[in-house]
Amino acid sequence: MDKFLIQGNGPLHGEVIASGAKNAALPILCAALLTDDTLAIRNLPQLWDVGTTRRLLTQMGVTVSSSGPGQVEINARSITTCIAPYELVKTMRASILVLGPLLAKRGEAQVSLPGGCAIGARPVDLHLRGLEAMGAEIDVEGGFIKARAKRLKGARIVFDVVTVTGTENLLMAAALADGQTVLENAACEPEVVDLANCLIAMGAKIEGAGTSTIHVQGVENLHGASHSVIPDRIETGTFLIAGAITRGRVRVTQTDPRMLEAVLDKLRQAGAKLSTGADWIELDMLGRRPRAVDIHTTPHPGFPTDMQAQFMALDCVAEGVGTIRETIFENRFMHAQELMRLGAEINIEGNTAVVTGVERLSGAPVMATDLRASAALVLAALSADGETLVDRVYHIDRGYEHIEEKLRKLGGKIQRVTA
Ligand code: UD1
């Protein structure tokens, strides 16, 4: 199992390019199941989860070819099976995103119940309930979701809670359904909008993506298209914190500041000077210690849960006390224990963590427990005195493209140690 060896090394300085967004890439890869034509995808990040999705499609008989870095062409005409097996699904919860498209296009799907990050129960009941409302017959048997439908029918679906992949699954299903579907209390995340834009390029009739009510007029067929994935806002935010936590200056390019307003606000509150252009963001801490900020995670456009761990790392070395409330996932504070191994002062009660900033953290061996938790540990290590060994970095490889190379470009001392 690979590890990262990190030496805290003063302020990071420089420029880094944002990769394509993992959470947009995964549903868009699955959208290729909705047509017999070829879907060409650009700006695809090279990530473990993208590789898993490619393997998932390939084992179904889908042709996936690459014409260059970050480019794939996918054709699902010769699909041979509509089964997503446990071996793949257990490593990536987002595999559930094949369910809607397979059911809409092929009339059947068998998807193993998902695993993924260990950050709480994370059920998929809302995906299933929505598909049932569209006429699907669904059984859960032997750890598999078994779904069948003739042609799905448009329906009005009101989500009990905002779910990102739930919205995406139903959006893809509705694109080929008979009649109109209305999704209420839909997720407004930029990745949902990117998927909708890809589907529209494929001939889908969708209005309102990016708001909480999405209207979809089902069509008989979708066609091929070419689509470029939006930049990764979470990766962008993570590199900005790398600048903030080390009191440095970091510019992220090929990104989109409009997707990060809640995060940029918090960085300003932490004392960072921020400048933005159409596709770049620069953070300058002017050599100062960050101030503690309070965080309360909510669905977009609120503060993203996927940035919570990284801000906890920042609060660990900030001046003052920061209160962090996690409202999206239970059990998403596993990084706190590991941050304490580096000398952080954190008290947790229920879904609230109170972080009292310390002047310096000090290096120690720590263990990554999920994707964003591991990013937090890397950030903390970059600001700590001495050496930190982060174990189980496969979690970080799921969602950050070449993170160690990018951090080294900024002056970070980080090496991958292959066991
Ligand atoms: C997606 C993101 C993930 C992010 C999360 C929240 C992808 C691939 N992953 O995950 O990075 O952290 O959104 O922004 O896009 N829920 C139910 N029933 C359901 C579905 C969800 O109760 O059927 C609950 C979950 O337990 C959770 C909340 O809804 O408490 C939000 O989860 P959801 O938005 O579905 O997360 P994901 O789509 O899995």
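The values are calculated or read from the model by the stated rules, or taken from the named source; none is laboratory data. What you see is a predicted model, and the numbers here were worked out from it, not measured in a lab. Heads up, the Cβs are rebuilt from the backbone with ideal geometry, glycines too, and the neighbour counts pull from every protein chain shown. Surface accessibility is based on the protein's heavy atoms, side chains included, excluding ligands, DNA and RNA. Shrake-Rupley method; radii C 1.70, N 1.55, O 1.52, S 1.80 Å.
Which residue, of 26, 33, is of a type in the set (A, V, I, L, M, F, W, C), within 15 Å of the ligand (Cβ to nearest atom) and under 17 Å from residue 89 (Cβ atoms)?
Values: 33 fails: within 15 Å of the ligand (Cβ to nearest atom).
The unique qualifying residue is 26.
Quick one: residue 201 ticks every box in (1) touching a helix residue (DSSP H, G or I) at 6+ places or on another chain (Cβ under 7 Å); (2) more than 15 Å from the ligand (Cβ to nearest atom) except a single one, so which number is it?
Only one criterion is unmet by residue 201, namely (1).
Quick one: in the range 329-353, of everything that is among the hydrophobic types (A, V, I, L, M, F, W, C) and within 15 Å of the ligand (Cβ to nearest atom), which residue is farthest from residue 292 (Cα to Cα)? Steps first, please.
The first filter runs over the range 329-353 and keeps only residues among the hydrophobic types (A, V, I, L, M, F, W, C), leaving 329, 333-334, 336, 339-340, 342, 344, 346, 348, 353.
Filter once more, keeping what is within 15 Å of the ligand (Cβ to nearest atom): 329, 333-334.
On the way: 329: 23, 333: 18, 334: 20 Å.
The extreme case among them is 329.
Give the number of residues within the range 367-382 that are more than 16 Å from the ligand (Cβ to nearest atom) and either without any contact (Cβ under 8 Å) to a residue 24 or more places away in the chain or open to solvent by 10 Å² or more (accessible area, probe 1.4 Å) (or both).
Residues of the range 367-382 that are more than 16 Å from the ligand (Cβ to nearest atom), as a first pass: 367, 377-382.
Applying the additional criterion that residues be either without any contact (Cβ under 8 Å) to a residue 24 or more places away in the chain or open to solvent by 10 Å² or more (accessible area, probe 1.4 Å) (or both) yields 367.
Number satisfying all stated conditions: 1.
If I ask for residues that are loosely packed, with under 15 Cβ neighbours inside 10 Å and touching a helix residue (DSSP H, G or I) at 6+ places or on another chain (Cβ under 9 Å), which ones from the range 257-273 would you list?
258
Please specify each residue of the range 67-77 satisfying the condition of being modelled with pLDDT under 95 and either assigned to a strand (DSSP E or B) or more than 18 Å from residue 42 (Cβ to Cβ) (or both).
As a first pass, look at the range 67-77 and keep what is modelled with pLDDT under 95: 67-69.
Those that are modelled with pLDDT under 95 and either assigned to a strand (DSSP E or B) or more than 18 Å from residue 42 (Cβ to Cβ) (or both): 67, 68.
Might you let me know whether the range 140-156 holds any residue that is open to solvent by less than 20 Å² (accessible area, probe 1.4 Å), at pLDDT below 95, within 27 Å of the chain's Cα centre (by Cα) and under 30 Å from residue 326 (Cβ atoms)?
Yes, some residue in the range 140-156 is open to solvent by less than 20 Å² (accessible area, probe 1.4 Å), at pLDDT below 95, within 27 Å of the chain's Cα centre (by Cα) and under 30 Å from residue 326 (Cβ atoms).
Note down all Cβ pairs under 6 Å where the first residue falls in the range 145-161 and is under 15 Å from residue 103 (Cα atoms), the second is open to solvent by 80 Å² or more (accessible area, probe 1.4 Å), and they're at least six residues apart or on different chains.
Close Cβ pairs (under 6 Å, with a partner that is open to solvent by 80 Å² or more (accessible area, probe 1.4 Å)) amount to 148/108; 148/137; 151/178; 153/178; 154/180.
Is it true that residue 102 is open to solvent by less than 30 Å² (accessible area, probe 1.4 Å), modelled with pLDDT of 90 or more, away from the ligand (no atom under 16 Å from the Cβ) and more than 24 Å from the chain's Cα centre (by Cα)?
The answer is no for residue 102.
For residue 56, work out the one condition from (1) within 16 Å of the ligand (Cβ to nearest atom); (2) closer than 21 Å to residue 406 by Cβ; (3) of a type outside the set (Gly, Ala, Ser) it doesn't fulfil.
Answer for residue 56: the failing condition is (2).
Listed residues 214, 206, 230; which is within 16 Å of the ligand (Cβ to nearest atom), more than 26 Å from residue 47 (Cα to Cα) and open to solvent by less than 40 Å² (accessible area, probe 1.4 Å)? Before the answer, list the steps.
Values: 206 fails: within 16 Å of the ligand (Cβ to nearest atom); 230 fails: more than 26 Å from residue 47 (Cα to Cα).
214 is the lone residue from the list that is within 16 Å of the ligand (Cβ to nearest atom), more than 26 Å from residue 47 (Cα to Cα) and open to solvent by less than 40 Å² (accessible area, probe 1.4 Å).
Restrict the check to the range 174-184 and report whether at least one residue is on the phi > 0 side of the Ramachandran plot, in contact with a Gly (Cβ under 7 Å, 6 or more places away or on another chain), in contact (Cβ under 8 Å) with a residue 24 or more places away in the chain and open to solvent by 20 Å² or more (accessible area, probe 1.4 Å).
Start the filter on the range 174-184 by keeping residues that are on the phi > 0 side of the Ramachandran plot, which leaves 179.
Pick out the ones that are also in contact with a Gly (Cβ under 7 Å, 6 or more places away or on another chain) and you get 179.
Next, only the ones that are in contact (Cβ under 8 Å) with a residue 24 or more places away in the chain stay: 179.
After this cut, where a residue has to be open to solvent by 20 Å² or more (accessible area, probe 1.4 Å) as well, the list is 179.
Yes, there is a match, as at least one residue in the range 174-184 is on the phi > 0 side of the Ramachandran plot, in contact with a Gly (Cβ under 7 Å, 6 or more places away or on another chain), in contact (Cβ under 8 Å) with a residue 24 or more places away in the chain and open to solvent by 20 Å² or more (accessible area, probe 1.4 Å).
Which residue, of 87, 132, is within 16 Å of the ligand (Cβ to nearest atom), open to solvent by 60 Å² or more (accessible area, probe 1.4 Å) and free of Cβ contacts under 8 Å to residues at least 24 places away in the same chain? Please lay out each step first, then the result.
On the way: 87 fails: within 16 Å of the ligand (Cβ to nearest atom).
Testing whether each residue is within 16 Å of the ligand (Cβ to nearest atom), open to solvent by 60 Å² or more (accessible area, probe 1.4 Å) and free of Cβ contacts under 8 Å to residues at least 24 places away in the same chain leaves just 132.
Taking the stated definitions as given, is residue 325 more than 16 Å from the ligand (Cβ to nearest atom), among the charged types (D, E, K, R), open to solvent by 10 Å² or more (accessible area, probe 1.4 Å) and in contact (Cβ under 8 Å) with a residue 24 or more places away in the chain?
no
Inspect all residues belonging to the range 116-126 and state whether any of them is crowded, with 21+ Cβ neighbours inside 10 Å and over 20 Å from residue 94 (Cα atoms).
No, there is no match, as no residue in the range 116-126 is crowded, with 21+ Cβ neighbours inside 10 Å and over 20 Å from residue 94 (Cα atoms).
So which residues in the range 36-53 are open to solvent by less than 60 Å² (accessible area, probe 1.4 Å), among the charged types (D, E, K, R) and either more than 18 Å from residue 397 (Cα to Cα) or more than 16 Å from the ligand (Cβ to nearest atom) (or both)?
The initial filter retains those residues of the range 36-53 that are open to solvent by less than 60 Å² (accessible area, probe 1.4 Å), namely 36, 39-41, 44-45, 47, 49-53.
Narrowing further to those that are among the charged types (D, E, K, R): 36, 49.
Within the range 36-53, just 36 meets the criteria.
Please work out which residue is farthest from residue 333 (Cα to Cα), limiting yourself to the range 276-315 and to residues that are open to solvent by 10 Å² or more (accessible area, probe 1.4 Å) and among the β-branched types (Val, Ile, Thr).
If we take residues in the range 276-315 being open to solvent by 10 Å² or more (accessible area, probe 1.4 Å) and among the β-branched types (Val, Ile, Thr), then 276 is farthest from residue 333 (Cα to Cα).
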